[in-house]
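Reading through the structure tokens given below for one structure.
Readers should treat all values here as calculations from the given coordinates under stated rules, not as data from a laboratory. Nothing here was measured: the structure is a model prediction, and the numbers come from that model. Neighbour counts run over all protein chains shown; Cβ positions are idealised from the backbone, glycine included.
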Amino acid sequence: IQNIGTPLNVPGYSTSVQSITPDGNTILLSNLYKYFDGSVSGGGCSISFRQRGGWSFPKGQVIEKYENLNKYVNYYLSNSGQYLLMAIEKKKGFGEKDLYVSFKTSENNWSVPKNLGNVVNTKGDEFGPFLAADDKTLYFVSEGQVGGYGGADVWMTKRLDDTWTNWSKPVNLGEKINSANFDAYFSIDASGEYAYFTSSKNSYGSSDVFRIKMPKEAKPEPVVLIYGKVIDQKTNQPIKAKISYEQLPSGKEVGTASTSPEDMVYKIVLPFGKNYGFMATANNYYSVTQNLDLSKLEAYQEMEVNLYLAPIQKDEAIRLNNIFFEFGKATLKEESFPELDRLVKLLTDNPSITIEINGHTDDVGADADNLKLSQDRAAAVVTYLTSKKIGGSRLSSNGFGETKPIADNKTEEGRQLNRRVEFVVKTK
């Protein structure tokens, strides 16, 4: 065992890791760290990021109207980084410590904590929250739920909607985990196969750490672990980048991750049942997106997906990945809007840039029809951009039909690659 050292450990002060993200690059810590003298104090939590050679100085999280009347506190940062769960005691709570959730409002800032309601919370003590990677299944410790084995037991409930106050009836995880003694601080790996918890039952000391294979009925909904590198499309070299992922067609961001400074690998965990777009961002690169349909996922999976970023250079064609049209038409689908809005942001942030939108098709159908379709689709993208207040003088469009394939038209995969919309920077 190696001491992680400063700045996370501070001589003379006690602090603890509350949770760590799946990529291992972000740690949530108890306490607030004071940069000017390196000391720590209670009354909140902090986040530190892995960097080359160690960890960044922990940044205090600002939780609106934070209050805790109890000497103890627990925090948990969801895998997506959008939800901060906490066990705190407030004047208007149900009993001792209750479970609350805060929603991320901006970097290092969180909303007023929201009580999870009386299905989860009781007059007794609730603590040790763990939200599974599906962002729905909550494991927690309660001394007040009816039907436990005694002392502190681990329970499971599922979030039924986005209010965060509507939960399924909590289920005790049974005698393999719970006992008449102290059983708490439950967590599971991303696959949902194994659980880790502390218990005073059959322990060497007051409480020990145990590992157990998860009962089928206690498993969360399946997720997929996406991992890979972010690569410069021109040099084929890995680069440092931030990865964000969003739900389609809404474009709502549901989480972020970053490449590891050691091996340049990113990892994200996505719940099943939805369609996602995920992308990498880096300075002087256009954020190329990748689409992933998890609506039919039935079991945990791991997938390697390398993301290729196109450097923003004059006369270089950059493909717009998540652009969808009605079949055989130039009508943009709603799923295309998040991708196009990123292009709007690029043009807004760089007012000197002018671009040309180019449309391409596969070789199915008549040449003349394909040429017209590609021209109409490129023009439809220009129309969308001008509707977002991008000046028409900065935009032009062209269609090439089937004349510039980038893949073999003999396969469906090749034809799909050839049906594309690109933009080319004409002036910077």
* Stretch in the chain that is longest and holds no chymotrypsin sites (Phe, Trp or Tyr not before Pro) that DSSP places in a loop and that have at most 10 other beta carbons within 10 Å -> 37-203
* Give me the angle, in degrees from 0 to 90, between the Cα long axis of helix 337-349 and the longest principal axis of the Cα atoms of the chain, rounded to the nearest 10. => 80
* Phi-based couplings in Hz for region 157-162 (Karplus 6.51, -1.76, 1.60; Gly and Pro marked x) -> 9, 10, 6, 9, 7, 8
* To do: Would you pull out the residues with amide H under 5 Å of Lys201's amide H, same chain only if 5 or more places away, H placed 1.01 Å from N?
  => Phe182
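Using DSSP to call loops (not H, G, I, E or B), can you name the trypsin sites (Lys or Arg not before Pro) in region 70-114 whose Cβ has at most 13 other Cβ atoms within 10 angstrom? It would help to have the intermediate numbers written out before the result.
Numbers: sites: Lys71, Lys90, Lys91, Lys92, Lys97, Lys104, Lys114; in loops: Lys71, Lys90, Lys91, Lys92, Lys97.
Hits after loop and neighbour filter: Lys71, Lys91, Lys92.
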* Rounded to the nearest 500, what is the 222 nm mean residue ellipticity of the chain from helices alone, with -39500 (n - 2.57) per DSSP H run of 4+ residues and division by all residues? => -3000 deg cm²/dmol
* **For region 216-225, 3J(HN,Hα) per residue [Karplus equation, 6.51 cos²θ - 1.76 cosθ + 1.60, θ = phi - 60°, Hz, x = Gly/Pro]** => 4, 6, 9, 6, x, 5, x, 9, 10, 9
* **Cleavage-rule hits (GluC sites (Glu not before Pro)) in region 326-428: DSSP loop, at most 10 neighbouring Cβ within 10 angstrom** => Glu326
* Asked: Taking amide H positions as placed 1.01 Å from N in the peptide plane, with prolines and chain starts having none, which residues 5 or more places from Phe324, or on another chain, fall under 5 Å of its amide H?
  -> Lys333, Ser336
* Amide H neighbours of Leu297 under 5 Å, at least 5 residues apart or on other chains, H built in the peptide plane: list them. => Gly273
* Over 20 Å between Cα atoms, which of Lys104/Lys242; Lys97/Lys216; Lys169/Lys216 qualify? -> Lys97/Lys216
* Degrees, to the nearest 10: 367-387 long Cα axis against longest axis of the chain -> 50
* Output ³J(HN,Hα) for region 139-151: one whole-Hz value per residue in order, computed from phi by the Karplus curve 6.51 cos²θ - 1.76 cosθ + 1.60 with θ = phi - 60°, and x for Gly and Pro. => 10, 8, 10, 9, 9, x, 5, 7, x, x, 8, x, x
* Taking the Cα-to-Cβ direction at Asp162 and at Tyr194 and moving 7 Å from each Cα, how far apart do the two end points lie in nm? -> 3.6
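Val265: net charge of surrounding residues, Cβ under 10 Å, Lys/Arg +1, Asp/Glu -1, itself excluded?
-2
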* Asp293, Asp134 arranged by Cβ crowding within 10 Å, fewest neighbours leading -> Asp293, Asp134
* Structure fact -> With R₀ set to 41 angstrom, the calculated FRET efficiency between the beta-carbons of Asp315 and Ser56, to the nearest 0.05, is 0.60
* Asked: Among the lysines, which fall within straight-line cross-link reach of Lys372, defined as a Cα-Cα distance under 18 Å, with same-chain neighbours fewer than 8 residues apart omitted?
  -> Lys329, Lys404
* Asked: Roughly how many debye, to the nearest 20, is the charge dipole of region 304-428 about its Cα centre, given +1 on each Lys and Arg Cβ, -1 on each Asp and Glu Cβ, and no other charges?
  -> 600
* To do: Within region 332-384, list the trypsin sites (Lys or Arg not before Pro) lying in a DSSP loop whose Cβ has at most 15 other Cβ atoms in a 10 Å radius.
  => Lys333
* Work through the residues other than Phe400 whose Cβ is under 13 Å from its Cβ and net out their charges, Lys, Arg +1 and Asp, Glu -1. => -2
* Asked: Based on Cβ point charges of +1 for Lys and Arg and -1 for Asp and Glu, what charge dipole magnitude is obtained for region 222-311 about its Cα centre, in debye rounded to the nearest 20?
  -> 200
* Structure fact -> Put in order of increasing Cβ neighbours within 10 Å, starting from the fewest, Lys34, Lys136 give Lys34, Lys136
* Structure fact -> Within the under-12-Å Cβ sphere about Leu160, not counting Leu160, Lys/Arg +1 and Asp/Glu -1 give a net charge of +2
